[in-house]
Amino acid sequence: MKVNPCSIPEVLLIEPRVFGDDRGFFYESFNQRAFNDATGLNLNFVQDNHSKSAQHVLRGLHYQIQQPQGKLVRVVAGEVFDVAVDLRRNSATFGKWVGEILSGKNSRQLWVPPGFGHGFLVLSATAEFLYKTTDYYAPAHERCIVWNDPTLAIKWPLGQAEPLLSGKDSAGQPFLQADVFN
């Protein structure tokens, strides 16, 4: 497994070793010991989630203000533009974001630490998105920052398309009014 810090160093791009031939491929998508050794983290994942979305679906920017979740995210079919936003007020990268292309083809994973907002845009006809979390879903503590916040200025690769949003995501808070982490 190859681990590279992103422009926000706590966000990690993880590339597993994929073994393939004319029959297909194999890779170990998660191994706790290998993950801990490669990242220097010692985490306990408590929940796995799986979503399937159509092209131009944009989910996010989600986070839990209490019971914050770290997320290890990947795509098993299709392609997404995945985004992590630093919401830790005392961080040198507060309000900054990173974006990476994750796909079933490149097998990359992104570690999004607690204290970050997270979202993704589906670039392919459909995408299946899987993620592990370090804490349980807590709807009472869930927050959402609007996807097109001008302060964050995330460069979503939409071209001329309009994103397909849930009601919750359409009603997200502006970054400057959002609850953040101290």
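Hey, can you tell me all the residues within the range 159-176 that are out of contact with any strand residue (DSSP E or B) (no Cβ under 7 Å at 6 or more places or on another chain) and in a loop (DSSP other than H, G, I, E, B)?
G159, Q160, A161, E162, S166, A171, P174
D179 - would you say it is part of a loop (DSSP other than H, G, I, E, B) and surrounded by 17 or more Cβ atoms within 10 Å (Cβ to Cβ)?
So D179 does not fit the description; no.
Working only within the range 75-134, note down all residues that are free of Cβ contacts under 8 Å to residues at least 60 places away in the same chain and of a type in the set (V, I, T).
V75, V76, V80, I101 - these are the residues of the range 75-134 that are free of Cβ contacts under 8 Å to residues at least 60 places away in the same chain and of a type in the set (V, I, T).
Can you name the residue in the range 49-99 that is under 21 Å from S124 (Cα atoms) and small (G, A, S) and is also surrounded by the most Cβ atoms within 10 Å (Cβ to Cβ) among such residues?
Within the range 49-99, the match that is surrounded by the most Cβ atoms within 10 Å (Cβ to Cβ) is A84.
Scan the range 103-125 and give yes if some residue there is among the β-branched types (V, I, T), modelled with pLDDT of 95 or more and farther than 22 Å from I65 by Cβ, otherwise no.
yes
Pick from the range 8-32 the residues that are over 22 Å from the mean Cα position of the chain (by Cα) and not aromatic (F, W, Y): which of them is surrounded by the fewest Cβ atoms within 10 Å (Cβ to Cβ)?
That would be D22.
Could you list, in sequence order, all residues of the range 17-51 that are under 15 Å from T134 (Cβ atoms), in contact with a strand residue (DSSP E or B) (Cβ under 7 Å, 6 or more places away or on another chain) and of a type in the set (A, V, I, L, M)?
Listed by number, the list holds a single entry, V46.
Name the residue, out of A84, A125, that is out of contact with any Lys or Arg (no Cβ under 6 Å at 6 or more places or on another chain) and farther than 17 Å from K52 by Cβ.
A84
The values are calculated or read from the model by the stated rules, or taken from the named source; none is laboratory data. Being a predicted model, the structure only gives us computed values, none of them experimental. Here the Cβ is made from the backbone with ideal geometry for all residues, glycine too, and neighbour counts use every protein chain on show.
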